[in-house]
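A quick write-up on the structure given underneath.
The values are calculated or read from the model by the stated rules, or taken from the named source; none is laboratory data. Bear in mind that the values here come from a model prediction, so they are computed numbers and not experimental data. Cβ placement follows ideal geometry from the backbone for every residue including glycine, while neighbour counts extend to all protein chains displayed. Surface areas here come from the heavy atoms of the whole protein model, side chains and all, with no ligands, DNA or RNA. Shrake-Rupley method; radii C 1.70, N 1.55, O 1.52, S 1.80 Å.
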Amino acid sequence: DAEEYQPPIWKSYLYQLQQEAPRPKRIICPREVENRPKYYGREFHGIISREQADEILAGVEGAYILRESQRQPGCYTLALRFGNQTLNYRLFYDGKHFVGEKRFESIHDLVTDGLITLYIETKASEYISKMTTNPIYEHIGYATLLREKVSRRLSRAKNESRKASVTSEENTPVEKITSLVRRAALTQNDNHFNYEKAHNFKVHTFRGPHWCEYCANFMWGLIAQGVRCSDCGLNVHKQCSKYVPNDCQPDLKRIKRVYCCDLTTLVKAHNTQRPMVVDSCIREIEARGLKSEGLYRVSGFTEHIEDVKMAFDRDGDKADISASIYPDINIIAGALKLYFRDLPIPVITYDTYSKFIEAAKISNPDERLEAIHEVLMLLPAAHYETLRYLMIHLKKVTLHEKENFMNAENLGIVFGPTLMRPPEDSTLATLNDMRYQKLIVQILIENEDVLF
């Protein structure tokens, strides 16, 4: 509850250390240097030795120069004074300056970040190694829907004046913590389908001070201080990301499209059992298309299928795919097949692909069925549920075989390569496996009541 919520206590030790870190001091070369690279300034001192660099920098903490190597002309070195010694780093430029993974617009920023990192790692190496041992994440957690749930609950329970004061209180601590304190709200949501999903972490540069939402410690440095989940917005240190549970709850504000989006990400973002595309298309097909000749085999117009795709990407579950807009049911069937083809990870995942193929090669029907069932259990929950729902639908399609001429084998030919693709992009592997892909889908349809 917003009234009971206490913002986490951010640990400021590393922030204080960053404030104490030496500031960079550029030592300008007193003479004009010939052949100075255009992307270096007057801190470039030309070809000088390590000993000469040491003399120039002596006694000035944070001082730096650039030099060209005596041993390897054309190679450049950053000489930096830190901890009463001169440190030398091989320096590179590819449009940005770098000595390691991080790339900087200027040498000054590179040195600033380097001095911060050196200082913090020197002063707090033992502290850093233990940062993940007492995380706040385990106690507080996170959930994207917290603010909406809190405001809805308060609006029902409080009068206008009381609600206004609580809202103003809420906007201070809760707004500041971005994606933190969210998991608790989700556990109270009865409609939430608790599929496990790993966070989609990517290196991120944070503007202004930021704290890790796993360990509560400051994220130090100028750029690439940590990682952010591009699906839910969780911000953590790179080393802390290894310990965060697979409990990502994608935020709809971050999910820009429906097609080409990871299946588990989509269902968690929309809080549904299955992708809404699958539900909407199957509902429409079963309402008016089960007897359509060549259903799923006959193609609709490509441009109309693309229109349906754009409608789902734009409107989500509000997309209108009714007969008044798309009278040809093959357009809806084509849009459903396109959704499965566009998945970055197929419904039958890359991890389970080879196991399904091996199961299909078993000659004994009972053993083959048992093997397929075992592999089905390895699918992620959202993939399993989507496949189960689709097979129930395709079984209904086969019940109208006299009208639509589509039996389980025909549907296997259509859906085999749509639902499963080999991990390696090999045309030969795809061709070799095609009959087994068809067989897997055929068996899934014929035995959906047993396998699921």
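For (1) in the same structural domain as GLU121 (by the TED database); (2) part of a loop (DSSP other than H, G, I, E, B); (3) surrounded by fewer than 16 Cβ atoms within 10 Å (Cβ to Cβ); (4) not basic (Lys, Arg), each residue gets a yes or a no:
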residue: CYS29; (1), (2), (3), (4): yes, yes, no, yes
residue: ARG36; (1), (2), (3), (4): yes, yes, no, no
residue: TYR40; (1), (2), (3), (4): yes, yes, no, yes
residue: GLU55; (1), (2), (3), (4): yes, no, yes, yes
residue: VAL60; (1), (2), (3), (4): yes, yes, yes, yes
residue: LEU66; (1), (2), (3), (4): yes, no, no, yes
residue: GLN70; (1), (2), (3), (4): yes, yes, yes, yes
residue: ALA79; (1), (2), (3), (4): yes, no, no, yes
residue: ARG90; (1), (2), (3), (4): yes, no, yes, no
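Residues in region 432-447 that are more than 11 Å from ALA360 (Cβ to Cβ) and either buried (at least 19 other Cβ atoms within 10 Å of the Cβ) or of a type in the set (Phe, Trp, Tyr) (or both): ILE445, GLU446.
Select from region 92-115 the residues that are assigned to a strand (DSSP E or B) and free of Cβ contacts under 8 Å to residues at least 40 places away in the same chain and write down the one among them that is most open to solvent (accessible area, probe 1.4 Å). Among those residues, the one meeting the criterion is PHE92.
Go through the residues of region 284-307 one by one and say whether even a single one is closer than 30 Å to LEU234 by Cα, surrounded by fewer than 20 Cβ atoms within 10 Å (Cβ to Cβ) and modelled with pLDDT of 95 or more. No, every residue in region 284-307 fails to be closer than 30 Å to LEU234 by Cα, surrounded by fewer than 20 Cβ atoms within 10 Å (Cβ to Cβ) and modelled with pLDDT of 95 or more.
If the condition is being out of contact with any Asp or Glu (no Cβ under 8 Å at 6 or more places or on another chain) and among the hydrophobic types (A, V, I, L, M, F, W, C), then region 339-353 contributes PHE340, VAL347, ILE348.
Do we have any residue at all in region 214-233 that's at pLDDT 90 or above, charged (D, E, K, R), in a loop (DSSP other than H, G, I, E, B) and within 26 Å of PHE104 (Cβ to Cβ)? Scanning region 214-233 turns up no residue that is at pLDDT 90 or above, charged (D, E, K, R), in a loop (DSSP other than H, G, I, E, B) and within 26 Å of PHE104 (Cβ to Cβ). Just checking: which of the helices (runs of 4 or more DSSP H) contained wholly in region 364-446 hold 3 or more residues that are under 19 Å from CYS281 (Cβ atoms)? It comes to 381-398, 408-419, 427-446. Here SER292, SER280 are screened, and the one residue that is out of contact with any Cys (no Cβ under 6 Å at 6 or more places or on another chain), part of a helix (DSSP H, G or I) and either within 25 Å of ALA408 (Cα to Cα) or of a type in the set (Gly, Ala, Ser) (or both) is SER280. It is to be established whether one or more residues within region 8-26 are of a type in the set (S, T, N, Q), surrounded by 11 or more Cβ atoms within 10 Å (Cβ to Cβ) and more than 25 Å from PHE218 (Cβ to Cβ). Scanning region 8-26, I find no residue that is of a type in the set (S, T, N, Q), surrounded by 11 or more Cβ atoms within 10 Å (Cβ to Cβ) and more than 25 Å from PHE218 (Cβ to Cβ), so the answer is no.
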